[in-house]
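Input: a single structure, listed below in C-alpha cells.
Bear in mind that the values in this text are calculations on the coordinates, not laboratory data. This one's a predicted model, so the numbers in the text were calculated from it and none came from an experiment. Note that we place each Cβ from the backbone using ideal geometry, even for glycine, and neighbour counts take in every protein chain shown.
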Amino acid sequence: MLEDLNIIGSQSTPTIQSDWQGGRLYMCGDSYPENSYELFGQVINWTETFLGDASHGLHLELELVYLNTSSVKAMMDIFDLLEDAHQGGRTVSVTWRYDTRNERIAELAEEFREDCTFPFDITPQQAQA
Amino acid sequence: MTKPQPKLLQHVEELLQDAAHQDSPLREPLAQLYQHHLEQQEKLERLITIADGYQQSAHEDLHLTREQLEQQIRRQQKLSRIADRYQALLRERNLALRAASSVDPLTGLANRRRLNEQLEQWHATAERHQRALTLAMLDIDRFKSVNDSFGHGTGDKALELLAGGLQESLRASDICGRWGGEEFLLLLPETSLTQATPLMERLCQHLRQLQIPVDDDRHIALTASVGVAEHRPGDAIDATIKRADQALMEAKHQGRDRWSAAPA
C-alpha cells in the first residue's frame, strides 16, 4: 500500500487527496502549476500503483476548473490508466462536478470523456459561494 | 525451382542405381555431387523459411508502429483541442474581467478608471498630432435634495436615466463616464470648444426633458450644469479637468441648468 496523497491546493495548483482504503482520488481547483510533471507524477504514480496492487475499485472525484496544457496531458494519462484497468475488468469510475455558472467546464469534461468506456458522470452543482 | 530439375534429378538417381554403370569411374563423383545437391537444396529451403519469417515480423512491426503513430497523433490532437478550449475560456474570462473593471455597475457607463485610461491616451494623441480635445464635466443640479426627498432608489433611477440621456446626446466617438457620485465626465476627441457648443446646447435641452418616475404616477424633472474646457496644448490633462471643474462651478453660480466654458 502506497502512502496516501494529501496535497494542499493553491491559487495555481489543485487540492489532491487520495484514499487507498476507500478507493477514492479527489482533485479540485485550478491547475497551472510551474512543474506539472512533479505534481502530477505523484498522482499518476499513485493511480498506477493502486490499479496494479489493490483489488478494489477506484473512483475519481473531480472539481477541476482551469487546466493548463500539461495538466490536460496529465489528466489524459490518468484517464488512459483507468481505461486500461477497465478493459482489464477492474471497477473504475469518474464523477466530474462543475459550477452551473460555468457550462464551458462541462463541455471540456465531455471532451475528456470522449474515448472513455468506463462510467464517467459530469454533474452540475450549485455554487457554494 | 525450375521444372526440368526434378526430371534431371530422377534421371541421375536412375543412372546411379543402374547396374550397367556400376564400374564407371564417373559414378562415385556423380553420387557425391548428387548428395551435395540434396543438402544444398535443404539449406536453401530453410534459409527461405527463416527470411520469410523475418519479413513477416518486420511487416507486423511496421503495422504496429503505424498504429501507434496514428494513436499518438489522435492523442496529440485531442490534447491540443482541449488545451485550446481552456485557453479560449481564460481569454473570455479576461475580457469579461476587463469589461467589469471598466464599467460603472449602476449606469453601465465607463467608470473613473476607464475614463483615466482614455484621457491618458487621447491626451497623448492631442499633444503628438496637434488634435483638439474638449472635456465637459457635468453635475446633476440639487441631486442631494432628490435623494433626501424621494429616497436613494429614485436617486439611482435618476442617475441611470441621465446616463442613458447622455449616451443618446453624444456622438459615437465621444466617451461619457461616471466621474463621481452625480458627476459625469464627457470626453470629446477631435473637438474644439466651438464644435462642442451645439452639442452642449443639445445635451442641456435633452436632460431637461427627462422624466424621472418617483412613484406610480408622479415624475420629477432634472437639470444639470456643465463646465466645458478645451485642452490647451502643453497643459497636463489634470489642468484641463480642473478648468472644466471651474467652468462647472461658474455654471452653478450663474444659476444652474446651463453650461459654461472655461476661458482659453
>> With the crude spin-label approximation of a point 7 Å out along Cα→Cβ, what separation in nm comes out for B:ALA100 versus A:HIS59?
In response: 3.3 nm
> Using 7 Å Cα-to-Cβ label points, what is the B:GLN211/B:GLN5 separation (nm, one decimal)?
Replying inline: 11.3 nm
> In degrees from 0 to 90, rounded to the nearest 10, what is the angle of the helix B:27-102 Cα long axis to the longest principal axis of chain B?
Replying inline: 10 degrees
> What are the principal axis extents of the Cα atoms in the protein assembly as shown, in Å, biggest first?
Replying inline: 151, 58, 39
>> In 10 Å bins starting at zero, report the fraction of Cα pairs in region A:1-63 per bin as a rounded %.
In response: 23, 54, 21, 2
>> Using a 7 Å offset from Cα along Cα-Cβ at A:ASP99, what residues in region A:61-89 end up with backbone N under 11 Å from the label point?
In response: A:65-66
>> Using only the alpha-carbon atoms, how far is helix B:152-169 inclined from the longest principal axis of chain B? Give it as 0 to 90 degrees, nearest 10.
In response: 80 degrees
>> Just want the ordering: A:ASP77, B:ASP238, from fewest to most Cβ atoms lying within 10 Å of their own Cβ.
In response: B:ASP238, A:ASP77
>> On the Cα set of chain A, report Rg and Dmax in Å, please.
In response: 13.9, 41
> For B:LEU44 and B:VAL12 in one chain, what is 0.36 nm times their gap in residues minus the Cα-Cα distance, to one decimal in nm?
Replying inline: 9.5 nm
>> Testing the spin-label approximation: label points 7 Å from Cα along Cα→Cβ at B:LEU62 and A:GLU48. State their distance in nm.
In response: 3.2 nm
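Okay, helix-only estimate at 222 nm for the protein assembly as shown: each DSSP H run of n ≥ 4 adds -39500 (n - 2.57), divide by all residues, round to 500 deg cm²/dmol; what do you get?
The helix contribution divided over the protein assembly as shown gives -19000 deg cm²/dmol.
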> How many Lys pairs in the protein assembly as shown lie less than 28 angstrom apart by Cα atoms, where the lysines are 8 or more positions apart or on different chains?
Replying inline: 8
>> Just want the ordering: B:THR240, A:THR95, A:THR47, from fewest to most Cβ atoms lying within 10 Å of their own Cβ.
In response: A:THR95, B:THR240, A:THR47
> If you project the alpha carbons of region B:1-102 onto the principal axes, what extent comes out on each, in Å, largest first?
Replying inline: 119, 20, 12
> Where Lys and Arg each count +1 and Asp and Glu each count -1, what net charge lies around B:HIS59 among other residues with Cβ under 15 Å from its Cβ?
Replying inline: -3
>> Compute the orientation-averaged projected area for chain B from the convex hull of its Cα atoms and round it to one decimal in nm².
In response: 32.2 nm²
>> Within a 10 angstrom radius of the beta carbon, how do A:PHE50, B:PHE184 rank from fewest other beta carbons to most?
In response: A:PHE50, B:PHE184
> For helix B:193-208, what angle does its Cα long axis make with the longest principal axis of chain B, in degrees from 0 to 90 and rounded to 10?
Replying inline: 80 degrees
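Rounded to two decimals, what ratio of Rg to Rh does region B:112-261 give with C-alpha atoms and a Kirkwood Rh?
Rg divided by Rh gives 0.99.
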